[in-house]
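Quick notes on the structure that follows.
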Amino acid sequence: MRYQPERAASLSCEAEISIAEAKKKLQEHNSEAWMRRFPWSLNQRAKRLETIREQLWGDDEISLLLQSHEKILPLPSRPALFSVQLSLVDVTLDRPSFGYDQLPQFLNSTGGLPLDSQFTLLIPFHIKWTMNEVRVQLRDYPLPFLHIPPVHHSQQHPGGGRLSAWSVETDMVIAEELRGEESTFRCDTVVIPQDLGRVGSPGFKISVPRTLSPVKFYSSLNVDINSALPTKIVWGTAYQPALHDAMQVFDTFTKPQQDPSDKVGFWDKMRLIIHSDFKFNWKGGGDVHLTLKGICIPDSSNIRLSESLCGYWRRSWVYVLLARRCCLENSDRGIFEGPLSC
């Protein structure tokens, strides 16, 4: 059947159905079209997520023998709120490089604690942490929140071994300061309830002391990034809701607030808990790409059409984050330093 434009009916002021009936049919068509597209979109997203999981975790099929004995639920088809992918991770814990008699000086230099401070928890150790790739993803957004790529195949370790894209080696202390009796409360925990076994039998409970002081981290981190490929960081208004939800989840790992005052924000709590100096050194010559997205649609990956600002730094940049100041240093262009808002 061939379409012939000269025989097509032209528009006129007459119609065989009323406007109300035509509107109803149009709404029915839109509803049916949406019902067809919505399951199709969910199916396509589930397939993309399954492909990504197979690349990272391998095949996730369960044997029929295991399914016959245990009911195993499948992985959710929706993407994770906050996912961190680390490859070729190697973590080594050892005794600290300083002696126990130098521990007060270390805490004083990193966290400003008095030399006569006392602690209820004190764990000093030395950590060496290397990995080949870092990818931080929010939901199923096309642009990662942070991506440190693996080293290029042309890069080689000076000693002949495997060169890691991320390398950090430092001393670290996990400590909880000793406070007075006013910062300790007791929580009654019932072990055996009353009337268990027979009516009138007594119960058994223990009083567990709980401290209100937060557990803090003290260290001085020097992070070496050896990849020659660019490190990518994305930030924007569209990422803030997902990041806010993720930070609420991380907030549950710390002690719950007992006093009736306003709750401390996540970033302020991070500043309260982590007392460290960070120094990021791009040794491999890789660039740093910072993308600031101005559009409120996180699914947009087109930089030119999404009202974005892209900035990049080249040639051996060093980013130093101290307690209240940040510093950007380049071997050719000097140092840029400015205050941090706390």
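A few points about this structure:
- F106 meets all of the listed conditions (1) assigned to a loop (DSSP other than H, G, I, E, B); (2) over 21 Å from the mean Cα position of the chain (by Cα) but one, namely (1).
- Boolean, Q27 is more than 29 Å from V84 (Cα to Cα) and either modelled with pLDDT of 90 or more or charged (D, E, K, R) (or both): yes
- When we screen P150, P144, P124 for residues that are part of a loop (DSSP other than H, G, I, E, B), touching a residue at least 12 places away in the same chain (Cβ under 8 Å), touching an Asp or Glu at 6+ places or on another chain (Cβ under 8 Å) and not hydroxyl-bearing (S, T, Y), the only hit is P150.
- Residue pairs meeting the criteria (Cβ under 9 Å; at least 6 apart or on separate chains; first on the phi < 0 side of the Ramachandran plot and surrounded by 11 or more Cβ atoms within 10 Å (Cβ to Cβ), in the range 43-55; second basic (K, R) and modelled with pLDDT under 80): R45/R78; A46/R78; L49/R78
- Any chance E176 is among the acidic types (D, E), modelled with pLDDT of 85 or more and either out of contact with any Gly (no Cβ under 6 Å at 6 or more places or on another chain) or surrounded by fewer than 12 Cβ atoms within 10 Å (Cβ to Cβ) (or both): yes
Every residue, every condition in (1) touching a Pro at 6+ places or on another chain (Cβ under 9 Å); (2) surrounded by 13 or more Cβ atoms within 10 Å (Cβ to Cβ); (3) at pLDDT 75 or above; (4) under 22 Å from P144 (Cα atoms), yes or no:
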{"site": "P230", "(1), (2), (3), (4)": "yes, yes, yes, yes"}
{"site": "V234", "(1), (2), (3), (4)": "yes, yes, yes, yes"}
{"site": "A246", "(1), (2), (3), (4)": "no, yes, yes, yes"}
{"site": "D259", "(1), (2), (3), (4)": "no, no, no, no"}
{"site": "N281", "(1), (2), (3), (4)": "no, yes, yes, yes"}
{"site": "T291", "(1), (2), (3), (4)": "no, yes, yes, yes"}
{"site": "I295", "(1), (2), (3), (4)": "no, yes, yes, yes"}
{"site": "L305", "(1), (2), (3), (4)": "no, no, no, yes"}
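- Residue match in the range 71-83 (condition: of a type outside the set (K, R), at pLDDT below 85, touching a strand residue (DSSP E or B) at 6+ places or on another chain (Cβ under 9 Å) and in a loop (DSSP other than H, G, I, E, B)): yes
- The range 76-89 residues that are in contact (Cβ under 8 Å) with a residue 40 or more places away in the chain, paired with ones that are surrounded by 13 or more Cβ atoms within 10 Å (Cβ to Cβ) and assigned to a loop (DSSP other than H, G, I, E, B) (beta carbon under 6 Å, 6 or more apart): P79/R139; P79/D140; S87/N132; L88/N132
- Among the conditions (1) more than 26 Å from P150 (Cβ to Cβ); (2) in a loop (DSSP other than H, G, I, E, B); (3) modelled with pLDDT under 85, L66 misses just one, which is (2).
- For the range 237-286, residues that are among the hydrophobic types (A, V, I, L, M, F, W, C) and assigned to a loop (DSSP other than H, G, I, E, B) total 2.
- Within the option set D299, D277, being touching a strand residue (DSSP E or B) at 6+ places or on another chain (Cβ under 9 Å), of a type in the set (D, E) and at pLDDT 60 or above holds for one residue only, D277.
The values are calculated or read from the model by the stated rules, or taken from the named source; none is laboratory data. Because the structure is predicted, anything quoted here is derived from the model rather than measured. Cβ sites come from the backbone with ideal geometry, for glycine too, and all protein chains shown count toward neighbours.
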